[in-house]
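Have a look at the structure below before the remarks.
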């Protein structure tokens, strides 16, 4: 497996197999010093962003209300302002209110959050099917319908997971910047935009987790079990999206990234044909570029 992946790197280099060959923009990646979500590329992620914004409003209102109550208690019922406190022990209307109002709030939140959850878990009929298997510490991918199979290693894993000059050169050759170290892989899942993609996830040794933040998907890869997730990248959102194993899976857990390249349907079909012809993973568009040269 490892020799096959190294051969893939060499083949990509010989064919000018950089991301620039496809001219794909890196969209789904963390940005130093930034807050919030990555740009949503799917309907699932837009639902999550909307739900998060709504919950932020609710939490802010509750926090301000509680702070106001605390301020009233501090100012009106301190020893100086209220030297003779009341002696009552119960207030039925208040006790009913602080029981019923939280229930109403939770029911309101559930009315919006449960449909988002169900949409994620109801797997539609796939237009592209991919199987992802987690290993210590890399991912293996299969396209059963296209009879394509390859492994995906972090760029730099051959150099002790260190950003050496050699690794920096490999990143540049693949069309990435140094800031994408620990995110970019030597091969990538290639999927078409505007199509329903179902990813079947499992683990070969320990529990891993396959996630792409910009897609709003995350699924544990459990040995001996098959789990599924789905997404549909919006048309016009062609680019590179990064994710990482999100389950503590051992020594090199931090060096088990995921790279997805979203392309148009025509470019996906060409990639499938090129990969089938080559018998190994090729950079999307690399063979067309080589042919034109």
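The values are calculated or read from the model by the stated rules, or taken from the named source; none is laboratory data. Just so we're clear, the structure is a prediction, and the values are computed from it rather than from any experiment. Virtual Cβ from ideal backbone geometry, glycine too; neighbours counted across all protein chains shown.
Miscellaneous remarks
- Any chance residue 261 is modelled with pLDDT of 95 or more and either more than 17 Å from the chain's Cα centre (by Cα) or surrounded by fewer than 17 Cβ atoms within 10 Å (Cβ to Cβ) (or both): no
- No other residue among 254, 214 is under 21 Å from the mean Cα position of the chain (by Cα), surrounded by fewer than 22 Cβ atoms within 10 Å (Cβ to Cβ) and part of a helix (DSSP H, G or I) apart from 254.
- Meets criteria (in contact with a strand residue (DSSP E or B) (Cβ under 9 Å, 6 or more places away or on another chain) and within 30 Å of residue 32 (Cβ to Cβ)) for residue 159: no
Conditions tested, residue by residue: (1) at pLDDT below 95; (2) farther than 30 Å from residue 171 by Cβ.
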| site | (1), (2) |
| --- | --- |
| 34 | yes, no |
| 55 | no, yes |
| 74 | yes, yes |
| 77 | yes, yes |
| 84 | yes, yes |
| 89 | yes, yes |
| 94 | yes, yes |
| 107 | no, yes |
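- Boolean, residue 109 is farther than 30 Å from residue 279 by Cα, in contact (Cβ under 8 Å) with a residue 24 or more places away in the chain, surrounded by 10 or more Cβ atoms within 10 Å (Cβ to Cβ) and in contact with a strand residue (DSSP E or B) (Cβ under 8 Å, 6 or more places away or on another chain): no
- Test set (1) outside any strand (DSSP E or B); (2) out of contact with any helix residue (DSSP H, G or I) (no Cβ under 6 Å at 6 or more places or on another chain); (3) surrounded by 17 or more Cβ atoms within 10 Å (Cβ to Cβ) - residue 194 fails condition number: (3)
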